[in-house]
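Q: Sharing a structure, written as structure tokens. Questions coming.
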Amino acid sequence: MSNQKRHFSFVQADVFTAVPLEGNQLAVFTDARGLSDSEMQALAREMNLSETTFVFPRDAVTEQEHGVRVRIFTVDEELPFAGHPTLGTAMVLRRDNPAEQITLDLNIGKIPVRFSSKEGLPFGVMTQRDPQFGETHSREAIARAAGLSMEQISDDAPIQTVSTGNAFAIVPLRSLDALRRLAPTWAAMNEYLSRSDAKFFYFVSRETVNPGAKLQARMIFYNGEDPATGSAAGPCIAWAVKYGVAPSGQQILIEQGVEMKRRSRIFACASLSGNQIVNVQVGGHVVEVVRGELFF
């Protein structure tokens, strides 16, 4: 048996922020060729972040036609799609390829990320799949599952499952105080979710800490709390435009992670076309904080 170790370079970035040590953390292995599924899962556990991505470079012609092959892992499983890993990986790849757009070939399909500048810094915007609207949920059932009172949940917009790749039940709360006081148990939420068409809850308040933000959000799940959830921001903006919470075609700011002291700034927009919500776009800044090499 050979004792020679393999070396894999990685970048760690904070996503949906321009401020180091805020936003949502991501590890990107920039050349994962030669890694097996079990090794990628083990490396994701080793990095111990919410997600780790693995890039599989291909020839220029293939990447031009199909995109850059990327796989996304949590510490527990592979995901077909996730928002901050998509944006973060594309921004890391852009470091060596200053293109106007990079398309990622994910398990869910091709997701393009377009680059520009915002507030004087590089800025990326991903175009997500058109949303699918699922079941609506009773306020009483959600209150029980999330440890809320009925009065803490808004009644002027429905609680509804929306997906652009991952299914989130969008739960509008009446106040910032209700959002701050959230302390649900995953067991109770998961028991409800297992009987629904949603995988997670995404709690939103129209009252925000930052007056420049349209919505403030929290996403609590089996690993604790997520400081930024790009795959929820797409469904959230689709829901917001459908029910008049946000204007069609206008970019809004969603802030998340405030309670965790990892403030994230997620810019999102969607358009109403007839009775359909289309052109769901989610963007933000990304800042690199670590470059390293892992060997085993």
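Q: From the list PRO98, PRO80, pick out the single residue that is closer than 30 Å to ASN275 by Cβ and not assigned by TED's automatic domain parsing to the domain that holds ILE170. Full working, then the answer.
A: Values: PRO98 fails: closer than 30 Å to ASN275 by Cβ.
When all the criteria are applied, what remains is PRO80.
Q: Out of the stretch 194-207, which residues are touching a Phe, Trp or Tyr at 6+ places or on another chain (Cβ under 8 Å) and touching a residue at least 40 places away in the same chain (Cβ under 8 Å)? Full working, then the answer.
A: Filtering the stretch 194-207 for residues touching a Phe, Trp or Tyr at 6+ places or on another chain (Cβ under 8 Å) gives 198-202.
Of everything in the stretch 194-207, those that are touching a Phe, Trp or Tyr at 6+ places or on another chain (Cβ under 8 Å) and touching a residue at least 40 places away in the same chain (Cβ under 8 Å) turn out to be ALA198, PHE201.
Q: Specify the residue that is nearest to the chain's Cα centre (by Cα); the eligible residues are those in the stretch 1-31 that are small (Gly, Ala, Ser) and crowded, with 21+ Cβ neighbours inside 10 Å. I'd like the intermediate steps shown before the answer.
A: Initial filter on the stretch 1-31 (small (Gly, Ala, Ser)): 2, 9, 13, 18, 23, 27.
Still in the running and crowded, with 21+ Cβ neighbours inside 10 Å: 13, 23, 27.
Details: ALA13: 14, GLY23: 11, ALA27: 14 Å.
Filtering the stretch 1-31 for residues that are small (Gly, Ala, Ser) and crowded, with 21+ Cβ neighbours inside 10 Å, the one nearest to the chain's Cα centre (by Cα) comes out as GLY23.
Q: Consider the stretch 259-287. How many of its residues are over 21 Å from LEU49 (Cα atoms) and of a type outside the set (S, T, N, Q)? Walk me through how you get there before you give the answer.
A: In the first step, residues of the stretch 259-287 are kept if they are over 21 Å from LEU49 (Cα atoms); the result is 267-282.
Filter again for of a type outside the set (S, T, N, Q), leaving 267-270, 272, 274, 277-278, 280, 282.
Going through the stretch 259-287 one residue at a time, the tally reaches 10.
Q: Please enumerate the residues belonging to the stretch 115-149 that are of a type outside the set (Asp, Glu), more than 17 Å from ALA233 (Cα to Cα) and in the same structural domain as PHE16 (by TED's automatic domain parsing).
A: Keep residues of the stretch 115-149 that are of a type outside the set (Asp, Glu), which gives 115-118, 120-129, 131-134, 136-139, 141-149.
Okay, now just the ones that are also more than 17 Å from ALA233 (Cα to Cα), so 115-118, 120-122, 136-139, 141-149.
Once the filter is applied, which keeps residues that are of a type outside the set (Asp, Glu), more than 17 Å from ALA233 (Cα to Cα) and in the same structural domain as PHE16 (by TED's automatic domain parsing), the stretch 115-149 yields PHE115, SER116, SER117, LYS118, GLY120, LEU121, PRO122.
The values are calculated or read from the model by the stated rules, or taken from the named source; none is laboratory data. Every value quoted in this text rests on a predicted model; they were computed, and no experiment measured them. Note: ideal-geometry Cβ built from the backbone for every residue, glycine included; neighbour counts use all protein chains shown.
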